[in-house]
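J.: Pasting a structure here, questions to come.
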Amino acid sequence: MRILLVTLLLICVNISFAQHLRFEKDYKKIESKVIEWRREIHQNPELSNREFKTAEKITKHLESLGMDVQTGIAHTGVVGILKGKKNGKIIALRADMDALPVPERNNLPFKSTVKAEFKGEMVPVMHACGHDSHVAILMGVAEILSKHKDQIEGTVKFIFQPAEEGPPPGEEGGASLMIKEGVLKNPDVEAIFGLHINSQTPVGVIRYKPGGTMAAVQHFTINVKGKQSHGSQPWSGIDPILISAKIIDGLQTIISREAELTNEAAVITVGKITSGVRFNIIPETAEMIGTVRTLDYDMKEQITRRMQEMVPDIAKAYGGNASIIIKDNTDITYNDLALTERVIPSLKKVAGDGNVQLQKAVTGGEDFSYYQNEIPGFFFFLGGMTPGNTESFPHHTPDFMIDDSGLLLGVKALTEMSLDYLEN
């Protein structure tokens, strides 16, 4: 009996090892291509809904692999469909394509010097969030899986999405428009996977969180109306700036005294307040804009309701009037619990048990959440910081930088996760 158990254990280990090595030669060959693609895209960034050259590059690559390719989805989106040896499950892999209006501040040989129009002005453009890496990684996964489509039991959709950072004013875009235009249909997708490179996670490490992973992002506008008067005679007017200050203070009590923060984190931030023209005039109006971040659906509903109740009531208490408009930017990036449990072994297989780590929730947002509202999805973070570095390079800043040596793990993770899911 003891010999039998040892034999079975050795067989299991050998199967796992064989799976880990099934495309090892292809992984080694693809790494230099992925790095080259990433650098070329980094040097030629494009803003949301304007990813024309990026989409063209992706389209040519997918067509060269023999895929059915759909273009022009949600303006510039590209979808490749890879059918395996037989019918089975249908999954999707997603990468975002857009860059940001940020100037690049480094001496890399592939540094961006591109400028483009943003809100009526010509501004520097940079891949300051790593979307160039996501595109290159998914192009690599597409090449490897296409080469071995006889080993795929089902279908894989490769979704290259524009405008994750948000479409230009007056336009639709991003994941919500992709869904509206049928990206999860024909054939119908049952699960979706995505990743985000992270400049503050060491290369070789993968991090994830079951459930609420990234926050729902809402933005709000508050308009306050008072009564204008001379600055020396505040008793003859109603000060909208004072009312604004009281509103800001009141909103923070929703977080500090009403939100159950042992459940999940939540944030209300007023990012801008505009009022007045002179030092000695109490103005008539004030405007505030800000953001709300939540990781729990009940907390999101509670906070939204309390903000809508509190703002006009505070203004009324001080003799003024106020209105608030709250709009959704993204929903909660929610990793389906059963799906998460199912795919973690695949990540551990490619990265090693100790390099697949649980993490706390992130209050940044991701429109990958809209796919997860439709079907189960799993989203994880891929290390992009050089091991041993004491300084990281934050996202959305001119100094953002990642280590290209982290890209191959992303290719392996998405490839192995896809095959394992389809086979089981």
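The values are calculated or read from the model by the stated rules, or taken from the named source; none is laboratory data. Just so it is clear, the model here is predicted, and its values are computed rather than measured. Here the Cβ positions follow ideal geometry from the backbone for every residue, glycine too, while neighbour counts run over all protein chains shown. For accessibility, only protein heavy atoms count, side chains too; no ligands or nucleic acids. Shrake-Rupley method; radii C 1.70, N 1.55, O 1.52, S 1.80 Å.
J.: Give a residue-ordered list of calculated ³J(HN,Hα) values for segment 116-131 (Karplus: 6.51 cos²θ - 1.76 cosθ + 1.60, θ = phi - 60°; whole Hz; x for Gly, Pro).
T.: 8, 7, 9, 6, x, 10, 7, 10, x, 10, 8, 7, 9, 9, x, 5
J.: R0 = 22 Å: FRET efficiency of Ser232 with Lys272, Cβ-based, nearest 0.05?
T.: After rounding to 0.05, the efficiency reads 0.20.
J.: Here's something else I'd like to know. Tally Lys and Arg at +1 and Asp and Glu at -1 over the other residues with C-beta under 11 Å from the C-beta of Ser229: what net charge comes out?
T.: -1
J.: Testing the spin-label approximation: label points 7 Å from Cα along Cα→Cβ at Lys149 and Ala245. State their distance in nm.
T.: So the label points at Lys149 and Ala245 sit 6.7 nm apart.
J.: Follow-up question, since we're still on this one. Rounded to whole Hz and in sequence order, give me ³J(HN,Hα) for segment 168-178 from the Karplus expression 6.51 cos²θ - 1.76 cosθ + 1.60, θ = phi - 60°, writing x for Gly and Pro.
T.: Residue by residue, segment 168-178 yields x, x, x, 10, 8, x, x, 4, 4, 6, 4 Hz.
J.: Right, another one. From the Cα trace of the chain, what convex hull volume per residue do you get, rounded to a whole Å³?
T.: 172 Å³
J.: Scaled to the compact-protein estimate 2.2 N^0.38 Å, what is the alpha-carbon radius of gyration of segment 104-148, rounded to two decimal places?
T.: With N residues counted in segment 104-148, Rg over 2.2 N^0.38 Å equals 1.61.
J.: Moving on to the next point. Ignoring any ligand, DNA or RNA, what whole percent of the accessible area of segment 110-184 comes from carbon and sulfur when the probe is 1.4 angstrom?
T.: Here it works out to 49 percent.
J.: Once R0 is set to 56 Å, what does the formula 1/(1 + (r/R0)^6) return for the Cβ-Cβ distance between Glu309 and Lys86, expressed as a FRET efficiency to the nearest 0.05?
T.: Efficiency, rounded to the nearest 0.05: 0.50.
J.: Rounded to the nearest whole Å², what accessible area per residue is found for segment 300-368 with the 1.4 Å probe?
T.: Accessible area per residue, segment 300-368: 51 Å².
J.: Separate question: From the mean inverse distance of alpha carbon pairs (Kirkwood) and the Cα radius of gyration, derive Rg over Rh for segment 196-248.
T.: Result: Rg/Rh = 1.42.
J.: How big is the antiparallel share of DSSP beta bridges in segment 75-202, given as a percent to the nearest 5?
T.: DSSP beta bridges in segment 75-202 are roughly 45 percent antiparallel.
J.: Moving on. Can you list the residues, at least 5 places off or on another chain, whose amide H is less than 5 Å from the amide H of Glu164, using H built in the peptide plane?
T.: Met97, Asp98
J.: Contact order normalised by length for the chain, with contacts defined as Cα pairs under 8 Å and 6 or more residues apart; what percent is it?
T.: 21 percent
J.: Normalised by the number of residues in segment 101-204, what is the relative contact order in percent for Cα pairs under 8 Å and 6+ residues apart?
T.: Taking the mean separation of contacting Cα pairs over the length of segment 101-204, I get 21 percent.
J.: Run the accessible area of segment 223-349 with a 1.4 Å probe and give the carbon-and-sulfur part as a rounded percent.
T.: Summing carbon and sulfur atoms, their accessible area is 51 percent of the total for segment 223-349.
J.: Report, in degrees rounded to the nearest 10, the 0 to 90 angle that the Cα long axis of helix 297-317 makes with the longest principal axis of the chain.
T.: 10 degrees
J.: Relative to the longest principal Cα axis of the chain, at what angle does helix 407-423 sit, 0 to 90 degrees, rounded to 10?
T.: Once rounded, one gets 70 degrees.
J.: Still on this structure, I have one more. Mind scanning Lys25/Lys149; Lys180/Lys349; Lys111/Lys149 and naming the pairs with a C-alpha gap bigger than 28 Å?
T.: Lys180/Lys349; Lys111/Lys149
J.: To continue, here is another question. Where a Cα-Cα gap under 19 Å defines reach, which lysines qualify for Lys227, not counting those fewer than 8 residues away within the same chain?
T.: Lys246, Lys316
J.: Can you list residues whose amide H is under 5 Å from Gly77's amide H, if they're 5+ apart or on another chain and H is modeled 1.01 Å from N?
T.: Under 5 Å from the amide H of Gly77 lie the amide H atoms of Gly72, each far enough along the sequence or on another chain.
J.: Something else now. Pop the C-beta distance of Ser32 and Asp328 into the FRET formula with R0 = 30 Å and round what comes out to the nearest 0.05.
T.: Once rounded, the FRET efficiency stands at 0.15.
J.: Same structure, new question: Under 10 Å, Cα contacts only: if you run a Gaussian network model on the chain, which one of Pro394, Pro234, Pro167 comes out with the highest mean-square fluctuation?
T.: Sorting by GNM fluctuation, first place goes to Pro234.
J.: Right, another one. Quick one: which residues, 5+ away or cross-chain, put their amide H under 5 Å from the amide H of Ile192? H built at 1.01 Å from N.
T.: Excluding prolines and chain starts, which carry no amide H, the hits are Ala92, Gly377, Phe378.
J.: Sticking with this structure for a sec: Convert each backbone phi in segment 381-391 into a coupling constant with the Karplus relation 6.51 cos²θ - 1.76 cosθ + 1.60 (shift: θ = phi - 60°), then list the ³J(HN,Hα) values in order as whole Hz, x for Gly and Pro.
T.: So the J values, rounded to whole Hz, are 10, 10, x, x, 9, 4, x, x, 5, 9, 10.
J.: If you average the C-alpha positions of segment 91-134 and of segment 184-255 separately, how far apart do those two centres end up, in angstrom?
T.: 24 Å
J.: So, one more: Can you give me the distance in nm between label points at Lys316 and Glu121, each placed 7 Å from the Cα along the Cα-to-Cβ direction?
T.: The modelled label-to-label distance comes out at 4.0 nm.
J.: Would you kindly work out the equivalent ellipsoid of segment 293-424 from its C-alpha gyration tensor and give its semi-axes, the square roots of five times the eigenvalues, largest first in whole Å?
T.: 39, 21, 11
J.: Also: If we sort 264-273, 149-158 on the protection proxy, mean other Cβ atoms within 10 Å, highest first, what's the order?
T.: Descending packing order for the listed peptides: 149-158, 264-273.
J.: Using only Cα atoms, find the angle between the long axis of helix 24-43 and the longest principal axis of the chain, and express it within 0 to 90 degrees, rounded to the nearest 10.
T.: Its long axis makes an angle of about 30 degrees.
J.: Given the options Gly319, Gly406, Gly173, which has the most mean-square fluctuation in a GNM of the chain, springs set between C-alpha atoms less than 10 angstrom apart?
T.: Largest GNM mean-square fluctuation: Gly319.
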